[in-house]
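Worksheet for the structure shown next.
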């Protein structure tokens, strides 16, 4: 049969014959599987909708040839515990969500919560503006209109000096300000005071509104980002995928005929039954592993599946 170089998610469980250790804490070290490698293989197979994959190194295959048959089931149990502990850990949950953000990216600024926070901030800013405007009334209440008019004349002189140094749009805007001050100074002191206070309030509100103005929401983009966030949320719980992959493995293991006969075919052996010859690589891989380790892996998968909430 053709050599298989890529095996299953639960080949992390059923690759027991590739291991010498029988305790969970020894399996990773003895096999030379790093945490990154474990993560890579689990994520690859959990997200794969059809096939199972596992990269077996040459050293792992050499170890498989040396392991006694009596130790294979125990080795499967040990490695299975390692895989399950990882998948059920907080670390895996966090890494799953991080990986999911790559597959289903969305803009956080368009979340419902973010929009609500933005609206709340705008309300707080408006309340602060209203409070500041109210304090202006108190300040101006005790102010002598004639003295205020003198202060406005002094201000006008400074504004006219500044106007001379400006150009373009800045000069046009500042010119309007100077014109407004000149107009107020033609009024009686009391009316001048009233108009000046109203003018200051208007300016303050306009500047505050400009400073706190949030960018206009693009409704189409908002709808798009909400759709993307819904896709992310729909896949955030990995347990339905895990259940499906466990069920797939159990079905695959149940389908293997470990009594299938091999016959010489040139320099290799082939299945005597042509139906088996057309079986996928995963089926043939389990056949080569043998009945006992596959039965142990299937039992662990069944127990895990039964305990999933």
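Numbers at a glance
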read-out: Hypothetical label at residue 190: residues of segment 144-163 whose amide nitrogen lies under 14 Å (7 Å Cα-Cβ projection); value: 144-146
read-out: Computed E for residue 254/residue 89 - FRET, C-beta separation, R0 25 angstrom, nearest 0.05; value: 0.30
read-out: Segment 85-209 - Kirkwood radius from inverse mean 1/r over Cα pairs (Å); value: 19.3
read-out: Sequence-separation-based contact order of segment 119-215, relative, with Cα cut under 8 Å and 6+ spacing, percent; value: 40
read-out: Residues residue 40 and residue 227, FRET efficiency given R0 of 45 Å [Cβ-Cβ distance, rounded to 0.05]; value: 0.90
read-out: Ratio of Rg to Rh over segment 178-294 (Cα coordinates, Kirkwood Rh, two decimals); value: 1.74
read-out: Residue order, fewest to most beta carbons within 10 Å, for 136, 28, 124; value: 124, 136, 28
read-out: In nm, spacing of pseudo-spin labels at residue 302 and residue 163 (7 Å Cα→C-beta vector); value: 9.3
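None of the figures in this text is laboratory data; all of them are computed from the coordinates on show. Model, not experiment: these values are computed from the prediction. Because the Cβ atoms are built from the backbone with ideal geometry, glycine has one as well, and the counts that use them run over all protein chains shown.
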